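Bear in mind these aren't lab numbers, they're just calculated from the coordinates by the rules spelled out. All of these numbers come straight from a predicted model, not from anything done at the bench. Quick reminder, even Gly has a Cβ in these numbers, built from the backbone with ideal geometry, and neighbours come from all protein chains shown.
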Amino acid sequence: MQTYCQSCSLPMDKDPLNGGSEKDGSRSETYCSYCFEDGEFISPDMTVKDMQALCMEKVQERGVPKPLAWLMTRTMPKLQRWRELKEKQQS
């Protein structure tokens, strides 16, 4: 079963470091190395809309047409990072 970064939705097998790093130096199985380092988000103030825009830009740079890039980012708010952030904001 394919796993995806729960911040940007990158397939974890496409991450050159095979996942971000936890505080103890172990590999994160939840977040990729582009999003997570030393147990923290690399861009902690980023919003889900910011992440969607960044990911759209990156996949378009790789030749993905804009409409498909848009579709690829639509489920991002359902990823763990963004669900947990929304829950914190509501409490």
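With the structure loaded, tell me whether SER33 is small (Gly, Ala, Ser), assigned to a loop (DSSP other than H, G, I, E, B) and at negative phi or whether it fails that test. So SER33 fits the description; yes. Every listed requirement among (1) hydrophobic (A, V, I, L, M, F, W, C); (2) surrounded by fewer than 14 Cβ atoms within 10 Å (Cβ to Cβ); (3) in contact with an Asp or Glu (Cβ under 7 Å, 6 or more places away or on another chain) is met by CYS32 save one, (2). Can you confirm whether the stretch 55-71 contains a residue that is under 15 Å from the mean Cα position of the chain (by Cα) and assigned to a loop (DSSP other than H, G, I, E, B)? Within the stretch 55-71 (the criterion being under 15 Å from the mean Cα position of the chain (by Cα) and assigned to a loop (DSSP other than H, G, I, E, B)), the answer is no, since none of the residues qualifies. Mind checking which residues of the stretch 1-29 are crowded, with 17+ Cβ neighbours inside 10 Å and part of a loop (DSSP other than H, G, I, E, B)? Once the filter is applied, which keeps residues that are crowded, with 17+ Cβ neighbours inside 10 Å and part of a loop (DSSP other than H, G, I, E, B), the stretch 1-29 yields CYS5, GLN6, SER7, CYS8, SER9, LEU10, ASP15, GLY19, GLY20, GLU22, SER28. Among the residues that make up the stretch 42-54, is at least one of them outside any helix (DSSP H, G or I) and either closer than 21 Å to THR3 by Cα or touching a residue at least 12 places away in the same chain (Cβ under 8 Å) (or both)? Yes - at least one qualifying residue is present in the stretch 42-54.
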